[in-house]
1. What number comes out for the charge environment of GLY58, summing +1 per Lys or Arg and -1 per Asp or Glu over other residues with Cβ under 14 Å away?
2. Rank the residues LYS50, LYS43, LYS23 as a footprinting-exposure proxy: fewest other Cβ atoms within 10 Å of their Cβ go first.
3. Give me VAL12, VAL7, VAL54, VAL60 ranked fewest to most by other Cβ atoms within 10 Å of their Cβ, as a rough exposure proxy.
4. Rounded to the nearest 0.05, what FRET efficiency is calculated for ASN35 and ARG10 with R0 set to 25 Å and r the Cβ-Cβ distance?
5. What residues qualify as long-range amide H neighbours of ILE24, i.e. H under 5 Å apart, gap of 5 or more or another chain, H built at 1.01 Å from N?
6. Summing Lys, Arg as +1 and Asp, Glu as -1, what charge do residues with Cβ under 10 Å from the Cβ of PHE16 carry, PHE16 excluded?
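No value in this document is a laboratory result; all are computed from the given coordinates. Computed from a prediction, not measured in an experiment: that's the story for all the values here. A quick note on method: Cβ atoms are made from the backbone with ideal geometry, for glycine too, and the neighbour counts reach across all protein chains shown.
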Amino acid sequence: MGEMGLVELRRVFQMFDRNGDGKITKEELNDSLQNMGLFISEKELNQIIKRIDVNGDGFVDIDEFGILYQTIAEEQNDEDDMMEAFNFFDQIETDSSHSRS
Ligand SMILES: [Ca+2]
Ligand SMILES: [Ca+2]
């Protein structure tokens, strides 16, 4: 899956999956975003989840999270809003490479 390795994906996923149960809830996504200084509305949050949640169970598992990554990479030219919302991926990568190794 491109530059984004599975190990890296798993690491980022775990940052979002705060209770470690293997799926990201809307609340966990919201918490993670807020921790990164990104405050989005409930409506936007629902839209993001809906977009990511391929199998419709209301949670984001690691497969769906991987799809999100690819989606962002492929659509970054015509999905400016989504890119803005997901600029935090850059921050995560920067943070994790500087903090505890
Ligand atoms: Ca979780
Ligand atoms: Ca799902």
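1. Summing Lys and Arg as +1 and Asp and Glu as -1 gives -3.
2. With the sparsest Cβ surroundings first, the list reads LYS43, LYS50, LYS23.
3. VAL7, VAL54, VAL12, VAL60
4. With R0 = 25 Å, the Cβ-Cβ based efficiency is 0.85.
5. VAL60, ASP61
6. Combined, the nearby Lys, Arg, Asp and Glu give -1.
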